[in-house]
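Chemist: Next up is a structure, given as structure tokens.
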Amino acid sequence: MMSRAIVQVRDLHKSFTRGTEAIHVLRDLTLDVGEAEFLALMGPSGSGKTTLLNLIAGLDQPTAGTITVGENVISGMSESELARWRTRHVGFIFQFYYLLPVLTAYENVELPLLLLNLTKEQRRKQVENALGLVRLTDRMNHRPGQLSGGQQQRVGIARAMVTDPTLIVADEPTGDLDTRSADEILQLMEILRAQLGKTIIMVTHDPKAAARAQRILHLEKGQLVLDTAAAVS
Amino acid sequence: MYGMPPEMSGAGYDTSMLQLTGYLFAGLVVLILGAIALAVLTLPAFFVILYVSDKLVGVFATATGWFPLKVTVIMFRGLRRSMLRTSLTYLALFVLTLVLCLIYAVLYMIGNATSEKEANFKAIVTHKTTIPSQMPPGYYERFKRVCLEDLPPEMRPKNGDKDIMSWSFILGTTDKANPRKDNMVFLFALEPDKVLTMMDGLDELVGQEKELLEKACAAMKANPRAIVMSKSRLKSLNLRVGQTIKLHGMNYANLLFEFEIIGELPEGKYEGVSFMNKDYLIQQIDTFPTSPNNPKKGEQHPMADKCINLIWVRLPTKEAFETLSEKVNNRAEFGTVPIKLETASSGIGTWLGAFKDIFWGIKFILVPAMIGIMSLVVANALSISVRERRTEMAVLKVLGFAPRHVLLIVLGEALLVGFLGGGMSALMAWGLLGNVKFQIMFFGAFFVPMNALFYGPALGMAVSFAGCIGPAMAAKNVKVAEVFARVA
């Protein structure tokens, strides 16, 4: 049985217009994600899984329907409100890490904290904790170019969790990594869920990665076609 | 020079409008090439400043944890990301600011020269219609009498005769058979005891420079053959103080002058010219009929009745100027050669009138065009930078940075380059040209005003702002979902 729903998606619809043609990416999608749940979104390219992830993370606005994360109805928020909300409530993990190349690992992880009302000491402590969790304390003064792909993704994870967000979203987090690094990243995500109680929504094409989640949703043509518990949880 | 024959102008050029325009454009091209060379030379210093500033801001940002400082660190690091692009932006801003600083300096100098003073200002007497202005020597004495006796006492020059001075221009060569620019000497024939009070720029001298010139003027008064020469002319003639020089008159044909160089003019004042005692010129003209150099024995020199080029007078008020002007215009005794009285500034303004189209072009076409072109260069560099970093901007937004933060980061980077590029350029213009003084016509030493140190960075920042506001708005409005959709 699913714990209290932290993400509630109701009758979600998202469409784009290309020229005069309307493209319906998501259609009447309803979904709940429980607290401390690790959810994998799968589906063929163009099925709408990244669009769904972006909508849940407050990076885009739905055409219709509502999205509630925690106590916040984010589908009605302005861009600035969403920016403020994201800082506190969402952590992002990207396929290509997207670390700022001119900043050190420490500075990259510190970035989201700059927007919060924290003292320098509080920030330092949180950054060191986050980097400690991903076992990169000894690399905190290295720039992304001096780190391997796996290490960069670990910095990305540290940056995603440094603000202690409600929700962590990951878009193909292992897509650019070798098997060993990918495994390390997935293990870290499991730790985030199991030890820190984070809710994780991950988009992936990789069945092995998806198998690490507790629940797998399959999307096709903008609609949920299968909702299964993963084989391994 | 006002009232000076064209062949005697400092450079010896024919200043027809077409040629002058050509010279100006050629000068501009040389100036721009020089500015580019200077910009390239200063590029390492620019990056050192950028690096040191980045480190300093970084230290403060780490120590204080202050958000604006942290964002400033991101700006500094962003500038060091693409050295080539930052260099090109810097070069564009440096060249623009340097050229505009120099144009500003010229306009400032002209503005100073043509601005009217309210009291104790100088007026100038010239031929009414003819350029070059040439007047009989008797006019000087008559004009002095009108000033010192006919004017109401309160309108007369405060220092009497000391406030009235005449100038005669003499161009001579040391090699009569082969006169060239490098063997020519241009002299002002004047009254030595009025040099320090009536010559623009020399009345401001202090200390040793003033003392030396006072001594030289006293020596010129005592010895009519004594002259003082600018350092640059002494150097080009390979002469030193204490030596003698023989000059064959060029505009005063067949007059031979034998001078003793007794001093130097202060640096940056009346560059390239010399001062001689007017008495020596008069004496040479007076003795010319019996001179062995006179091809028409017994006849006076052709310049004898037109050897006064300009007369200067310092007047206490505008009313005095108007009254004197009326007297000069209506006096029958000035009837043979009609003359006019103008303020120095209006006189210069009249002379500059011939060039007004060029100045208009500089002010309203060249300067805006340069600002426009450089803004486009900056805008182009920045828009490439923003395009390349769209994903980064999107990531910042994902992390919670508001659109205004993204706008500020892009604007801040551009303003930093603008400030440093404009500042360094203005500093170079002010520092270099402040130390290498040279004179343009009768405007005194050319220099870049200290204001440029403020206007330079401000201009650099303004151009950067104009150039980057479009790219900055584009960065601000980056749609996160669209960016990641494209990347994916």
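Throughout, read-outs are computed from the coordinates displayed, never taken from laboratory work. It should be emphasised that the depicted structure is a prediction, and the values quoted were computed from it without experimental measurement. Neighbour counts are summed over all protein chains in view; Cβ atoms, including those assigned to glycine, are modelled from backbone coordinates with ideal geometry.
Chemist: Counting Lys and Arg as +1 and Asp and Glu as -1, each charge on the Cβ, what is the dipole of chain A about the Cα centre in debye, to the nearest 20?
Modeler: Dipole of chain A, to the nearest 20 debye: 360 debye.
Chemist: Considering every Cα-Cα pair within chain A, what fraction, in whole percent, is farther apart than 25 Å?
Modeler: Cα-Cα pairs of chain A separated by over 25 Å account for 40 percent.
Chemist: On a 0 to 90 degree scale, rounded to 10, what angle separates helix A:179-196 from the longest Cα axis of chain A?
Modeler: 80
Chemist: Turning to a different aspect of this structure: Extending each Cα 7 Å along its Cβ direction at A:Asp227 and B:Leu196, get the distance between those two points in nm, one decimal.
Modeler: 10.2
Chemist: Now for a separate question. Find the centroid of the Cα atoms in the range A:17-62 and in the range A:138-213, then give the distance between the two in whole Å.
Modeler: Between the Cα centre of the range A:17-62 and that of the range A:138-213, the gap is 21 Å.
Chemist: Starting from the coordinates of the alpha-carbon atoms of the protein assembly as shown, obtain the Kirkwood hydrodynamic radius over all distinct pairs and give the value in Å to one decimal.
Modeler: 32.0
Chemist: Which one, A:Gln187, A:Leu177, A:Thr199, projects farthest toward the positive side of the charge dipole computed for the range A:177-233 from Cβ point charges (K/R +1, D/E -1)?
Modeler: So the residue we want is A:Thr199.
Chemist: Please identify every one of the trypsin sites (Lys or Arg not before Pro) in the range A:1-85 that sits in a loop by DSSP and has no more than 11 other beta carbons within 10 Å of its own beta carbon.
Modeler: Those that pass, being in a loop and sparsely packed, are A:Arg4.
Chemist: Let me ask something additional. Rounded to the nearest 0.05, what FRET efficiency is calculated for B:Asp357 and A:Gln187 with R0 set to 60 Å and r the Cβ-Cβ distance?
Modeler: Once the sixth-power term is evaluated, E becomes 0.15.
Chemist: Turning to a different aspect of this structure: Once you've got the Cα coordinates, tell me which of B:Lys158/B:Lys246; B:Lys144/B:Lys231; A:Lys208/B:Lys476; B:Lys128/B:Lys158; B:Lys181/B:Lys318 are over 31 Å apart.
Modeler: Cα-Cα > 31 Å for B:Lys158/B:Lys246; B:Lys144/B:Lys231; A:Lys208/B:Lys476; B:Lys181/B:Lys318; rest within.
Chemist: Between Rg and the Kirkwood Rh of the range B:253-405, both from Cα atoms, what is the Rg to Rh ratio?
Modeler: Answer for the range B:253-405: 1.34.
Chemist: Label points 7 Å out from Cα along the Cβ direction at B:Ala26 and B:Lys158: separation in nm?
Modeler: Using points 7 Å along Cα→Cβ, the separation is 4.6 nm.
Chemist: Also: What does DSSP give for the range A:125-233 in terms of the percent of beta bridges that are antiparallel, rounded to the nearest 5?
Modeler: The antiparallel proportion sits near 55 percent.
Chemist: Between B:Arg81 and A:His24, what is the label-to-label distance in nm when each label sits 7 Å out along the Cα-to-Cβ direction?
Modeler: In this crude spin-label approximation the distance works out to 4.0 nm.
Chemist: What is the gain in length, in nm to one decimal, between B:Met450 and B:Asn254 on full extension, counting 0.36 nm per residue of separation less the C-alpha to C-alpha distance?
Modeler: The B:Met450-B:Asn254 span can extend by a further 65.8 nm.
Chemist: Then there is this: Over the alpha-carbon set of the range B:97-210, work out the extent along each principal axis and list the three values in angstrom, largest first.
Modeler: Extents along the principal axes, in whole Å: 48, 46, 40.
Chemist: Assuming R0 = 30 Å, can you tell me the calculated FRET efficiency for the pair B:Arg240 and B:Val206, based on Cβ-Cβ distance, to the nearest 0.05?
Modeler: Computed FRET efficiency for B:Arg240 and B:Val206: 0.75.
Chemist: Restrict the search to the range B:25-122; then list the chymotrypsin sites (Phe, Trp or Tyr not before Pro) that DSSP places in a loop and that have at most 14 other Cβ atoms within 10 Å of their Cβ.
Modeler: Those satisfying the criteria are B:Trp66.
Chemist: Restricting the count to DSSP beta bridges whose residues both fall in the protein assembly as shown, what percent are antiparallel, rounded to a multiple of 5?
Modeler: The answer is about 65 percent antiparallel.
Chemist: Here is a follow-up. When you have a sec, figure out the Kirkwood radius of the range B:135-336 from all distinct Cα pair distances and drop it here in Å to one decimal?
Modeler: Radius from the Kirkwood sum: 18.1 Å.
Chemist: Enumerate the aspartates and glutamates that A:Lys125 could reach by cross-link, defined here as Cα to Cα under 14 Å, with residues fewer than 8 away along the same chain left out.
Modeler: Straight-line reach from A:Lys125, under 14 Å: A:Glu107, A:Glu110, A:Asp164.
Chemist: Let me ask something additional. Quantify how strongly other chains surround peptide A:68-80 by giving the mean number of their Cβ atoms within 10 Å of each of its Cβ atoms.
Modeler: That average works out to 1.
Chemist: Could you give the dipole magnitude of the range B:135-336 about its Cα centre, charging the beta-carbon of Lys and Arg +1 and that of Asp and Glu -1, in debye to the nearest 20?
Modeler: 620
Chemist: At what distance in angstrom do the alpha carbon centres of the range B:53-76 and the range B:171-212 lie from each other?
Modeler: Taking the Cα centre of each part, the range B:53-76 and the range B:171-212 sit 57 Å apart.
Chemist: Let me ask something else about it. Return the calculated 222 nm mean residue ellipticity for chain B, to the nearest 500 deg cm²/dmol, obtained by summing -39500 (n - 2.57) across DSSP H runs with n ≥ 4 and dividing by the residue count.
Modeler: -18000 deg cm²/dmol
Chemist: Would you list which aspartates and glutamates come within 20 Å of B:Lys235, measuring only between C-alpha atoms, while excluding same-chain residues fewer than 8 positions from it?
Modeler: Output for B:Lys235: B:Asp175, B:Asp182, B:Glu209, B:Glu258, B:Glu260, B:Glu264, B:Glu267, B:Glu271.
Chemist: Treating the angle as unsigned and between 0 and 90°, give the value, to the nearest 10°, between the Cα long axis of helix A:120-133 and the longest Cα principal axis of chain A.
Modeler: Helix A:120-133 sits roughly 80 degrees off the main axis of chain A.
Chemist: By how many nm would the segment from B:Asp150 to B:Ala304 lengthen if fully extended, with 0.36 nm per residue of separation less the alpha-carbon distance?
Modeler: Difference between extended and current length: 52.7 nm.
Chemist: Based on the Cβ-Cβ distance from A:Arg10 to A:Gln122, what FRET efficiency comes out when R0 is 35 Å, to the nearest 0.05?
Modeler: The calculated FRET efficiency here is 0.45.
Chemist: Loop only by DSSP, 10 or fewer other Cβ within 10 Å of the Cβ. Give me the GluC sites (Glu not before Pro) in the range A:68-161 that pass, ordered by residue number.
Modeler: Answer by residue number: A:Glu71.
Chemist: Count charges around B:Asp161 for me, please; just the other residues with Cβ under 12 Å from its Cβ, Lys/Arg as +1, Asp/Glu as -1.
Modeler: +2
Chemist: Output needed for chain B: three equivalent-ellipsoid semi-axes, defined as square roots of 5 times the C-alpha gyration tensor eigenvalues, in descending order, whole Å.
Modeler: 59, 23, 20
Chemist: Helix-derived [θ] at 222 nm for chain A: sum -39500 (n - 2.57) over DSSP H runs of at least 4, divide by residue count, nearest 500?
Modeler: -9500 deg cm²/dmol
Chemist: Only Cα pairs under 8 Å and at least 6 apart count here; give the relative contact order of chain B as a rounded whole percent.
Modeler: Normalised by residue count, the contact order of chain B is 23 percent.
Chemist: So in chain A, what percent of DSSP beta bridges are antiparallel if you round to the nearest 5?
Modeler: 60
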